[in-house]
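Only the coordinates and a few stated rules stand behind these numbers; no lab work does. Note that the structure is predicted; figures quoted are calculated from it, not measured. Cβ sites come from the backbone with ideal geometry, for glycine too, and all protein chains shown count toward neighbours.
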Amino acid sequence: MSFYIYDIIFLVAFSLAVGIFLYKRRKNLKKEGLLYLYRTQVGIRFIDYVGEKYKKAISFFAFLAIISGYLLMASMVYLFYKLIYIYLFVPEIVKAIKIPPLMPLIPYLPEAFNIDFLMNLLMALLLEDIM
C-alpha cells in the first residue's frame, strides 16, 4: 500500500479531530480579521514567572535573535541570487545535475492530479530558453 494513502488518512483524521475540538470549544474561538484564534489562559503564569526571573537573559537573547535573523535573511538573499545566477548563466552545471531548481511547495500535487507531464514540459521550456 502506498504512503500516499497513509498521508491522506492521517490528514483527514487530524482535520476531523481539530474540527471537533474547536466545535466543542467554540466559546473560546474568536475571529481576528481572516484568522480564527483559540483563546486560552494556559501557561500565562509560567510566562510571567520566566519573564520576571530571567529579564536580562531574555533581553540578551532577543537582541541575539534579531541580529541573527537579519544575518540569516541577508545570507538567504545572497544564496538565492547565486542559485538564479547559476541556472541562468552556467548551463553546464544545469545539464550535469539534471534536477529542477525548486522543489514543489505542495507535496503530492503532481501525482494527485497527474500533472507530471506539465512539470517536465515546463522544465524543458525553461532549459531550452537558457541554452
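The length gained on full extension between residue 40 and residue 95, counted as 0.36 nm times the residue separation minus their Cα-Cα distance, comes to 14.4 nm. Model label points for residue 29 and residue 65, set 7 angstrom from Cα along the Cα-to-Cβ axis, are 2.9 nm apart.
Between residue 84 and residue 52, 0.36 nm times their residue separation minus their Cα-Cα distance comes to what?
My answer for the length gained is 6.8 nm.
Note on the stretch 41-89: Cα Rg divided by 2.2 N^0.38 Å, N the number of residues, gives 1.95.
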